[in-house]
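Undergrad: Below: one structure in structure tokens.
Every read-out reported here was derived from the displayed coordinates using simple, explicitly stated rules and does not represent laboratory data. What you are looking at is a predicted structure, and each value in this text was computed from that prediction instead of being measured. Neighbour counts run over all protein chains shown; Cβ positions are idealised from the backbone, glycine included.
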């Protein structure tokens with residue numbers, strides 16, 4: 001399903017391909033899908049970011065068998081508020097992943113009291 005949303009370059013996908021090739025872990029870039037369009041996260045507050053991506057990702061029925069009972073490593077290039085990786089992890093857990101770990105390569109720190 002095409003929702004009219006696209007990225008110019010998928011940095012996370014590029015990083016995931018490198019991690020997979022070096023570690024021997026299977027890359028499944030076709031499992032997690034955006035199921036509804038969202039606004040850009042830039043300029044949104046932490047609660048707005050969470051609301052913006054809530055329910056925006058899912059695992060299609062024909063890909064659920066690849067996730068069921070699996071330990072999944074979700075790779076992202078930059079963690080800002082954590083809203084996107086949280087929404088993605090929730091979608092994977094709803095698809096019955098046994099565990100979801102997140103690997104990020106950079107983190108934006110905007111306050112000394114950041115929750116994560």
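Undergrad: For volume of the Cα convex hull per residue in Å³, pick the label among [x] 190; [y] 117; [z] 107 that corresponds to the value derived from the coordinates.
TA: Of the labelled values, this structure produces [y].
Undergrad: A further question on this structure: Ranking 85, 104 by Cβ neighbours within 10 Å, fewest first, what do you get?
TA: Taking fewest neighbouring Cβ atoms as first place, the list is 104, 85.
Undergrad: Where is the GNM fluctuation largest for the chain (alpha-carbon springs, 10 angstrom cutoff): 11, 54, 40?
TA: 40
Undergrad: Springs between alpha-carbon pairs under 10 angstrom, Gaussian network model over the chain: which of 82, 24, 69 fluctuates most?
TA: Result: 24 has the largest fluctuation of those listed.
Undergrad: For the chain, give me the percentage of DSSP beta bridges that are antiparallel, rounded to the nearest 5 percent. Mind dumping the intermediate values first?
TA: Numbers: 3 of 11 bridges.
In the chain, DSSP labels about 25 percent of beta bridges as antiparallel.
Undergrad: A further question follows. Helix 11-23 versus the longest principal axis of the chain: what is the Cα-based angle in degrees, 0 to 90, to the nearest 10?
TA: 40 degrees
Undergrad: Where does helix 83-94 land angle-wise versus the long Cα axis of the chain, in degrees 0 to 90, nearest 10?
TA: Once rounded, the angle reads 30 degrees.
Undergrad: For each of 15, 92, count neighbouring Cβ atoms within 10 Å of the residue's Cβ, then give the residues from fewest to most. Spell out each step's value before the answer.
TA: Details: 15 16, 92 21.
Least to most surrounded, the residues fall as 15, 92.
Undergrad: Right, here's the next one. Anyone know which of 86, 76, 101 comes out most mobile in the 10 Å Cα GNM of the chain?
TA: Of 86, 76, 101, the Gaussian network model singles out 101 as fluctuating most.
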